[in-house]
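The values are calculated or read from the model by the stated rules, or taken from the named source; none is laboratory data. Keep in mind it's a predicted model, so treat the numbers as computed, not measured. Glycine gets a Cβ as well: all are built from the backbone with ideal geometry, and neighbour counts include every protein chain shown. These area figures cover heavy atoms from the full protein model, side chains too; ligands, DNA and RNA do not enter into them. Shrake-Rupley method; radii C 1.70, N 1.55, O 1.52, S 1.80 Å.
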Amino acid sequence: MTSPTPRGLRWTIWLLSTLLFFLFIWLQGFVLEDINDQEGPDRQRIQNEHIEAELVERESQLKRQARELERDIARQEEIKTNRQESMSVAQRTWNQFAQEHRRVLDSGRQPPAELSTTLKEAQTLYMKATDEFEEANTKISDLQQIQHTIALEQETLDRALSIQRGDGYSAYMTLYRAHRWRVAAGKLSFVVPLFVLASWLVARKRKSIYRPVMIALLVSSFLRVGLVMHEHFPAEFFKYVGIIASVIIVLGFLVHALRSAATPKEDVLLRRRREAYQKNCCPECAYTVPDEEGTTMACAACGVDLFTVCDACDGIRHELLPHCRHCGAQSERWRGVPAVAH
Ligand SMILES: [Zn+2]
Ligand SMILES: [Zn+2]
């Protein structure tokens with residue numbers, strides 16, 4: 001306090017304090033990360049608890065069936081196109097032979113057996129193609145009927161499943177939010193006590209030589225508290241907390257400044273009074289005090305007690321200094337508001 005610290009050393013202290021601040025920030029970050037890494041609720045498991053397994057099984061079954069149906073329908077369509085071609089070819093052949101047959105009959109001759117057989121064959125071929133075409137058509141309409149039934153069931157199932165999935169999701173979100181609150185509480189229960197401790201140390205141990213360490217701890221923990229709040233609380237909420245915290249801090253500094261203005265610090269007060277007595281002046285109003293040894297005395301201008309009778313040795317002592325110059329007894333009176341003699 002008394003001997004001024006050399007400039008180089010002051011810089012070193014300042015630098016090391018800054019370094020310490022960053023190390024504190026870092027260290028607190030590690031602890032907070034570990035708290036943050038706590039395992040949260042298992043989303044898949046919660047979803048599964050809310051969704052009936054049979055429904056999911058049925059859903060994939062229906063999907064598989066729908067795919068198979070599409071394939072079958074495509075196959076039947078192919079057959080249909082194919083048979084349509086066969087039909088027209090067979091029809092042309094049949095017509096040709098039928099005309100030939102009629103011409104022979106018209107000319108009054110008996111058509112050869114070979115021609116009759118060929119005509120019969122062409123007719124059979126045409127009939128067969130027609131039957132197969134019809135068969136494919138019927139199959140397609142049957143398959144489409146099944147497809148429709150499946151689509152209806154899928155729709156109902158989708159509705160039921162989406163309700164269950166929604167329930168699962170909100171159940172998960174409820175648990176997840178609770179988990180985040182727990183994490184936030186865990187983090188705050190680490191940084192807030194640290195911040196309170198640092199504030200207490202800085203406020204109480206004003207004369208400690210380790211003050212830079214305390215200030216580094218205070219600033220780093222304050223920053224961490226702010227970051228945790230910002231991360232975990234909604235922006236609206238954080239805004240209020242931030243403003244209230246700032247008001248409290250500024251108010252704290254202001255009250256401190258006002259108080260030290262109203263009541264000067266002990267060393268300042270002591271120095272002022274010592275110098276006044278040395279110069280034979282009243283410490284309160286600077287009026288000149290007569291140089292009379294061994295008598296009680298009050299200031300003629302403002303009326304404060306300057307020399308009084310010592311409670312311990314009955315000698316005459318300086319009322320506005322801590323010790324009696326005869327016996328050294330300490331008095332607490334000197335610190336208070338000086339008493340005005342009557
Ligand atoms: Zn005076
Ligand atoms: Zn004394």
Checklist line | Filter pass, Arg103 being loosely packed, with under 14 Cβ neighbours inside 10 Å and not hydroxyl-bearing (Ser, Thr, Tyr) | finding: yes
Based on what the data block shows, is Ala312 within 16 Å of ligand 2 (Cβ to nearest atom) and hydrophobic (A, V, I, L, M, F, W, C)?
-> yes
Contact list, first residue from the range 305-332 and aromatic (Phe, Trp, Tyr), second anywhere and away from ligand 1 (no atom under 16 Å from the Cβ), beta-carbon distance below 9 Å, six or more apart or interchain, is Phe307/Gly294; Phe307/Thr295; Phe307/Ile316; Phe307/Arg317
In the range 292-316, anything within 16 Å of ligand 1 (Cβ to nearest atom) and part of a strand (DSSP E or B) is listed as Met297, Ala298, Val304, Asp305, Leu306, Phe307, Thr308
Filtering the range 215-257 for residues that are within 15 Å of the chain's Cα centre (by Cα) and small (Gly, Ala, Ser) leaves a count of 2
All-but-one check, Glu33 against (1) acidic (Asp, Glu); (2) in the same structural domain as Tyr172 (by TED's automatic domain parsing); (3) open to solvent by 70 Å² or more (accessible area, probe 1.4 Å), failing number (2)
For the range 268-295 the number of residues that are open to solvent by 80 Å² or more (accessible area, probe 1.4 Å) and either touching a residue at least 60 places away in the same chain (Cβ under 8 Å) or within 16 Å of ligand 2 (Cβ to nearest atom) (or both) is 1
| message | Residues that are within 16 Å of ligand 2 (Cβ to nearest atom), assigned to a loop (DSSP other than H, G, I, E, B), modelled with pLDDT under 85 and open to solvent by 30 Å² or more (accessible area, probe 1.4 Å): does the range 333-342 have at least one? | response | no
Residues of the range 294-332 being under 60 Å from the mean Cα position of the chain (by Cα) and at pLDDT 90 or above, in sequence order, are Leu320, Leu321, Pro322
Expected single match for out of contact with any helix residue (DSSP H, G or I) (no Cβ under 7 Å at 6 or more places or on another chain), closer than 29 Å to Trp14 by Cβ and not polar (S, T, N, Q) among Trp200, Trp181 is Trp200
